[in-house]
1. For a test of the definition: using alpha carbon positions, the gyration tensor, and the 1.5 limit on a/c, classify segment 85-171 as rounded, prolate or oblate.
2. If you place +1 on the Cβ of every Lys and Arg and -1 on the Cβ of every Asp and Glu, how big does the dipole about the Cα centre of the chain come out, in debye to the nearest 20?
3. Go through T107, T197 and list them by solvent-accessible area, largest first, probe radius 1.4 Å.
4. Can you list the lysines whose alpha carbon sits under 24 Å from that of K201, skipping same-chain ones fewer than 8 residues off?
5. Taking the dipole about the Cα centre of the chain, with the C-beta of Lys and Arg at +1 and of Asp and Glu at -1, give me whichever of H39, H24, P151 is farthest to the positive side.
6. Using only the heavy atoms of the protein chains and a 1.4 Å probe, how would D26, D163 rank by accessible area, largest first?
7. Could you order M47, M112 by accessible surface area, starting with the largest, using a probe radius of 1.4 Å?
8. Which of the three applies to segment 27-128, rounded, prolate or oblate, going by the alpha-carbon gyration tensor with a ≥ b ≥ c and a/c under 1.5 meaning rounded?
Amino acid sequence: MILTGTILCSFSLAQVPVSKEPRHHDIFENGHVRILDVHIPPGDTSMIHIHATPSVFLILTNTVKVGSQVISEEKRAKLNTTEDENVWFEGFYKQPRIHRVWNSDTTEYHVMDIELTNKNYIAIDPPLQQAGFTLLFDEKPVRGYRVNPGPSVKISLPARKADILIVCLSDSADPVQINEKSFNKKGDWLYIKSGNTILIKGAGTSKTAFGFFELR
């Protein structure tokens, strides 16, 4: 019994919040979101960590052999309104996920975990009805789209009530310009405060895809 208790105590002490896990790099935080850029090298394993904050997850690598040892989690229903296995929302409202992840492949595993830390939700505009925008989910803290603007396309969006986070989901030799930022690789991102217009300009034969998130 003493041995069992010691093991359980050591096991619980090894758990850390996901934002404190060394492979989850906090690259931006403003009280509304916390962006964790996750890199797990080949053959590496993360620490056991806890997801307890509503989050959007983006898989930014192609097929990689990874595994997850789950200690605890809530059963997740498929929330996306369309098929998109690389972008999804989880609320963790009833139970956190406690797990660790390992990479058994020969290439790096790259993920972005966007924690939605704001709790003072606001009313936002109706969903965008715009060519190239596909609604993925519409949840209490966030509304998410996949955007495929197409090559040599210009999209102008009026100012929105919500702050907006845009993340590049694909690599491209021909960059896409969004406002003043150029996007050409997975994980490029831009945070746009509410009340600002948005201009998306495709270039050449670019088929760059984006995650576009309206934050309540």
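1. oblate
2. Approximately 400 debye in magnitude.
3. The residues order as T197, T107, largest area first.
4. List returned: K154, K161, K181, K185, K186, K193.
5. My answer, from the dipole projection, is P151.
6. The most accessible residue leads, giving D26, D163.
7. M47, M112
8. prolate
The values are calculated or read from the model by the stated rules, or taken from the named source; none is laboratory data. Given the structure is predicted, the values throughout are model-derived calculations rather than measurements. When we count neighbours, we look across all protein chains shown, and the Cβ atoms used for this are built from the backbone with ideal geometry, even at glycine. Keep in mind that these areas ignore ligands, DNA and RNA; they rest on the heavy atoms of the full protein, side chains included. Shrake-Rupley method; radii C 1.70, N 1.55, O 1.52, S 1.80 Å.
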